[in-house]
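The values are calculated or read from the model by the stated rules, or taken from the named source; none is laboratory data. Model, not experiment: these values are computed from the prediction. Here Cβ is always computed from backbone atoms with ideal geometry, including for glycine, and neighbour counts include all displayed protein chains.
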Amino acid sequence: MPMPVYPDQIASLIRTPRFACRVAVPNAIGTEAKLDCGCFVRVEMDISEGGRIEEVAFQTNGCGYMVAAAESMANSINGRSLTELSGLLEVDLNVSFDRSECTPSVLRAFKRAFAVHRTKQIEEFRGEKALICTCFGTTEESVEEFVVNMEPNSVEDVTFSIRAGGGCGSCRMLIQEIIDEKRRSRVL
């Protein structure tokens, strides 16, 4: 009996990969190449304005290990919101195998796709209104309006409702300042 080319776990992922296709209108694209073996992986996503990954796909000329890593990553993030994934790109790919060189390439391709999406969001707002949260493209005006109308008690309340502060976290201090300022103005 011939020995199988791939371990069972890898073979089951590559037999009928669900995400090995194209996204009709991607707004996040990332590519990575492995020069040592000549493989590449291209990731495409459609991320909604609300920050949900509506569609994810990949293409690769790589081996079964790369297909399995890309399939597992796509399956892990499909349908999830960007806030859920904040800091989670070291996600458990549910793939454990000895040959793990392909997994970092797949992760870099996904990270590049998210970076492209974020850059596009920032560029859309350039020159219009001041952004507080660049991760989610939330303007200072939107945060102030929410704070005035809804009177949140914390930055977490703002994040839960309008996502600002739910990404990298660098804007959380600014959001807190807006909350504090609006509280002071209500007291006076």
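Taken together, the residues in the stretch 53-87 that are at pLDDT below 90, over 14 Å from residue 17 (Cα atoms) and in a loop (DSSP other than H, G, I, E, B) amount to 2.
Taken over the stretch 46-80, residues that are more than 13 Å from the chain's Cα centre (by Cα) and either among the hydroxyl-bearing types (Ser, Thr, Tyr) or in the same structural domain as residue 166 (by TED's automatic domain parsing) (or both) amount to 3. Comparison of 43, 5 shows that the only residue that is within 17 Å of residue 62 (Cβ to Cβ) and in a loop (DSSP other than H, G, I, E, B) is 5.
Checking every residue in the stretch 157-179 against the condition of being of a type outside the set (D, E, K, R), modelled with pLDDT under 85, over 23 Å from residue 67 (Cβ atoms) and in contact with a strand residue (DSSP E or B) (Cβ under 7 Å, 6 or more places away or on another chain) gives at least one match. Each residue in the stretch 35-73 was checked for being hydroxyl-bearing (Ser, Thr, Tyr) and closer than 23 Å to residue 163 by Cβ, and 1 pass. Every residue in the stretch 68-86 that is of a type in the set (A, V, I, L, M), touching a residue at least 40 places away in the same chain (Cβ under 8 Å) and within 20 Å of residue 10 (Cβ to Cβ), please. Once the filter is applied, which keeps residues that are of a type in the set (A, V, I, L, M), touching a residue at least 40 places away in the same chain (Cβ under 8 Å) and within 20 Å of residue 10 (Cβ to Cβ), the stretch 68-86 yields 68, 70, 74. Among the residues of the stretch 36-67, those that are buried (at least 22 other Cβ atoms within 10 Å of the Cβ) and in contact (Cβ under 8 Å) with a residue 60 or more places away in the chain comprise 41, 43, 44, 45, 47. Within the stretch 21-35, restricting attention to residues that are of a type in the set (A, V, I, L, M, F, W, C) and touching a helix residue (DSSP H, G or I) at 6+ places or on another chain (Cβ under 7 Å), the residue that is surrounded by the fewest Cβ atoms within 10 Å (Cβ to Cβ) is 29. Within the stretch 8-19, the presence of a residue that is assigned to a strand (DSSP E or B) and among the β-branched types (Val, Ile, Thr) is excluded. Just checking, does the stretch 159-170 include any residue being surrounded by fewer than 21 Cβ atoms within 10 Å (Cβ to Cβ) and under 30 Å from residue 34 (Cα atoms)? Within the stretch 159-170 (the criterion being surrounded by fewer than 21 Cβ atoms within 10 Å (Cβ to Cβ) and under 30 Å from residue 34 (Cα atoms)), the answer is yes, since at least one residue qualifies. Beta carbons closer than 7 Å, at least 6 apart along the sequence or on distinct chains, pair a first residue in the stretch 137-161 that is farther than 14 Å from residue 174 by Cα with a second that is basic (Lys, Arg) and assigned to a helix (DSSP H, G or I) for 148/182.
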